[in-house]
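> Let me begin by handing over the structure; questions about it come next.
The values are calculated or read from the model by the stated rules, or taken from the named source; none is laboratory data. Since we're looking at a predicted model, the values are computed, not measured. Note that each Cβ is placed from the backbone with ideal geometry, even for glycine, and that neighbours are counted across all protein chains shown.
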Amino acid sequence: MSCDGILRDTGQRDPIAHDAAQFKVEDLPSETLVYLLGSRYCDTDLLSNQAWNLFEHTASGWPRVQAICDFVHDYVSFDYMKADATRTASMTLSVRHGVCRDFAHLAIAFCRCMNIPARYCTGYLSEIGQKEPETPDDFAAWVEVFLGGAWQVFDPRNNTRRIGRVLIARGRDAADVPLTQTFGPVDLTDFEVWTREIAPQACWEPS
């Protein structure tokens, strides 16, 4: 299986909205409420007390979400070799290692525990704008939270504003939007992800 595409991007880093406020639950749009609930990988029932102990005294809104991402980024170590398709957010908190989906699940669960709607994003993340040596392009998972009346991007794995984030799908967690959905036994033998920056004049224009 393979896929190629040309995507238009602003070339700007993920936006920042430091003054984006957290809504009271009763003021949230109804379509965001599902993203307050526990889900397959975001076991909020097991993390609620821990979340409030850690983040109750942080300023609400953007600063609270950033504090959650700072904690997850610093507390969990990234390790490809310890990926586990069954690991939940509470398990990640316990073992303190994982891959980008685990970082995202833990941050999402903490946000939901603090009454902040949060959803899981899967896609690709380029290394455009990063310092040399660049690491290989890869599949990626990150987070969107509802603050200030809009969905805001956060990335607890990298914890920086990035360029060239290619969104493929959103869901409650990775169970909704896996990288691949298979039926029957399959073996992953290899994968490669590539993103390249091209000059604006090289982009194809539809006639």
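> When segment 106-151 is examined, which residues are found to be part of a loop (DSSP other than H, G, I, E, B), crowded, with 18+ Cβ neighbours inside 10 Å and not β-branched (Val, Ile, Thr)? Explain how you work it out, then say what you get.
Kept after step one, since they are part of a loop (DSSP other than H, G, I, E, B), are these residues of segment 106-151: 114-117, 126-137, 148-149.
If we keep only those that are crowded, with 18+ Cβ neighbours inside 10 Å too, we end up with 114, 116-117, 126-127, 137.
Met114, Pro117, Ser126, Glu127, Asp137 - these are the residues of segment 106-151 that are part of a loop (DSSP other than H, G, I, E, B), crowded, with 18+ Cβ neighbours inside 10 Å and not β-branched (Val, Ile, Thr).
> Still on this structure: Taking Cys42 as meeting all but one of (1) out of contact with any Ser or Thr (no Cβ under 9 Å at 6 or more places or on another chain); (2) assigned to a loop (DSSP other than H, G, I, E, B), write down the number of the exception.
With respect to (1) out of contact with any Ser or Thr (no Cβ under 9 Å at 6 or more places or on another chain); (2) assigned to a loop (DSSP other than H, G, I, E, B), Cys42 is out only on (1).
> Closer than 24 Å to Ile6 by Cα, over 16 Å from the mean Cα position of the chain (by Cα) and either at pLDDT 95 or above or not small (Gly, Ala, Ser) (or both): does that describe Glu144?
Working: closer than 24 Å to Ile6 by Cα: yes; over 16 Å from the mean Cα position of the chain (by Cα): no; either at pLDDT 95 or above or not small (Gly, Ala, Ser) (or both): yes.
So Glu144 does not fit the description; no.
> Could you list, in sequence order, all residues of segment 115-130 that are under 16 Å from Ser39 (Cβ atoms) and of a type in the set (A, V, I, L, M)? Full working, then the answer.
Pass one, segment 115-130, residues under 16 Å from Ser39 (Cβ atoms): 115-122.
Matches in segment 115-130: Ile116, Ala118.
> I'm trying to understand the selection: among the residues of segment 52-105, which are crowded, with 21+ Cβ neighbours inside 10 Å, of a type in the set (Ser, Thr, Tyr) and part of a loop (DSSP other than H, G, I, E, B)?
Thr88
> Of all residues in segment 22-80, which are of a type outside the set (Val, Ile, Thr) and in contact with a His (Cβ under 7 Å, 6 or more places away or on another chain)? Show your work before the answer.
Step one: of segment 22-80, the residues of a type outside the set (Val, Ile, Thr) are 22-24, 26-31, 33, 35-43, 45-57, 59-64, 66-67, 69-71, 73-75, 77-80.
Selection gives Tyr41, Cys42, Trp62, Ser77, Asp79.
> Tell me which residues, restricted to segment 109-137, are under 27 Å from Trp194 (Cα atoms), of a type in the set (Val, Ile, Thr) and at pLDDT 95 or above.
Within segment 109-137, the subset under 27 Å from Trp194 (Cα atoms) is 119-137.
Now restrict to residues that are of a type in the set (Val, Ile, Thr): 122, 128, 135.
The one that is under 27 Å from Trp194 (Cα atoms), of a type in the set (Val, Ile, Thr) and at pLDDT 95 or above: Thr122.
> Within segment 1-39, can you find the residues that are of a type in the set (D, E, K, R), over 21 Å from the mean Cα position of the chain (by Cα) and either within 12 Å of Cys111 (Cα to Cα) or not in a loop (DSSP other than H, G, I, E, B) (or both)?
Glu26, Asp27
> Now a separate question. Looking only at segment 61-69, decide whether some residue is aromatic (Phe, Trp, Tyr) and under 14 Å from Cys100 (Cα atoms).
no
> Let me ask something additional. If you take the residues in segment 152-207 that are touching a strand residue (DSSP E or B) at 6+ places or on another chain (Cβ under 7 Å) and at pLDDT below 85, which one is surrounded by the most Cβ atoms within 10 Å (Cβ to Cβ)?
My answer is Thr195.
> Is at least one residue of segment 59-67 under 24 Å from Ile168 (Cβ atoms), more than 18 Å from the chain's Cα centre (by Cα) and without any contact (Cβ under 8 Å) to a residue 40 or more places away in the chain?
Quick first cut of segment 59-67, residues under 24 Å from Ile168 (Cβ atoms) only: 65.
Add one more test, that the residue is more than 18 Å from the chain's Cα centre (by Cα), and what stays is none.
No, because not a single residue in segment 59-67 is under 24 Å from Ile168 (Cβ atoms), more than 18 Å from the chain's Cα centre (by Cα) and without any contact (Cβ under 8 Å) to a residue 40 or more places away in the chain.
> Which one is modelled with the lowest pLDDT among residues in segment 4-25 that are farther than 16 Å from Glu127 by Cα and of a type in the set (Gly, Ala, Ser)?
Gly5
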